[in-house]
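See below for the structure under consideration.
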Amino acid sequence: MIESLPSRTALVTSLMRAVHSRSDPFPLLDDPWGDRLVPQSERERMAERILAQMDSDARARALRTPASLLDEFLLTNTSLPGVVIRSRYAEDALREATMRGISQYVLIGAGLDSFVLRRPAFSDALTIFEIDHPATQAMKIQRIEECGMSLPPSVQFIAADLANEDLASVLARSPFRTDEKAFFSWLGVTVYLTRDANLATLGAVATCGAPGSELVFTYVDQAEFAPGASRSPQNENAKVVAQIGEPWISGFNPDEIVNDLACVELELIEDLDGKAMWKRYRGASTTLKQPPASLHIALARVSKGQRIGERR
């Protein structure tokens, strides 16, 4: 991400959630805020970039219906299914966590996530901590104000660049309670960080979260980064985001993720690849296609101090 600008991928994923909500007859989530949080000027810039990538014939066809240009691009993007499913999965896991008494919700790299706006009855029961880069967070707060909305004091915005400040220090600047269980979500972020930075953040979750705290996070199979990797949809997406200044840097090996987590006192509860993610939710009659197989979403639990064999 360019230092002084909001994350472009955060803007795109917000629009993806919105267009899914509007276009799918059985959407996995209802996100009318996904459009409202992205300024019109940013949507126009995206449309211009899409047109610039087209040949003359395709550009001429697209300009016949310019209003649908951005929606059509988003609906056909191979990243859309994963973006939608990861949000639904995280909120399903959050719901289960609240039923076990967890009342702190930490969004690491929150982007333009609209949970507090579209699910007020759910979010009112939680203390929510949204952590993100200052530029992205400032734009989000401004858009919320421009839309005439105000959020309750239980929502804490914490501006931080996690590339330069560790999660524990960030949370120490907030009312976050380390003696109470928390639910952490970390969606669409690990691929943009080094392996060391990812392991440090995972370790910080285990350090800050009381035993029994949970984390949902996404990652890409490390095989995507191997020399000579096939031209998969994931690799094509990686090229696109690299062009806008947000290159992919690292992944995890699914065969080693259990040990990677155990090294930082996290216990893997579930790990779904793209195919398993799609199988989980296709029964909802959604028209979403299968996410790339190399995309993973994982649920882990802070295991430090837990008795052996203690499970949900």
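Dividing the summed helix terms, -39500 (n - 2.57) for each DSSP H run of n ≥ 4, by the number of residues in the chain produces a 222 nm estimate of -12500 deg cm²/dmol to the nearest 500. Helix screen, the chain: DSSP H segments with Cα axial length of 27 Å or more and mean Kyte-Doolittle hydropathy at least -0.5 are 80-99.
Among Leu215, Leu288, sorting on how many other beta-carbon atoms sit within 10 Å of each Cβ, with the fewest leading, yields Leu288, Leu215. For the chain, the number of Lys pairs with C-alpha atoms closer than 24 Å, counting only pairs eight or more positions apart or on separate chains, is 5. Placing unit charges on the Cβ atoms only, positive for Lys and Arg and negative for Asp and Glu, gives the chain a dipole magnitude near 720 debye about its Cα centre.
Modelled this way, with points 7 Å down the Cα-to-C-beta line, the labels at Gln142 and Leu75 are 3.1 nm from one another. Just one of (i) 1.07; (ii) 0.95; (iii) 1.03 is Rg/Rh (Cα atoms, Kirkwood Rh) calculated from these coordinates, so which is it? Among (i) 1.07; (ii) 0.95; (iii) 1.03, the one derived from this structure is (ii). Beta bridges from DSSP with both residues in the chain: antiparallel share about 40 percent, rounded to the nearest 5.
Every read-out reported here was derived from the displayed coordinates using simple, explicitly stated rules and does not represent laboratory data. A quick note: this is a predicted structure, and the numbers were derived from the prediction, not measured. Note: ideal-geometry Cβ built from the backbone for every residue, glycine included; neighbour counts use all protein chains shown.
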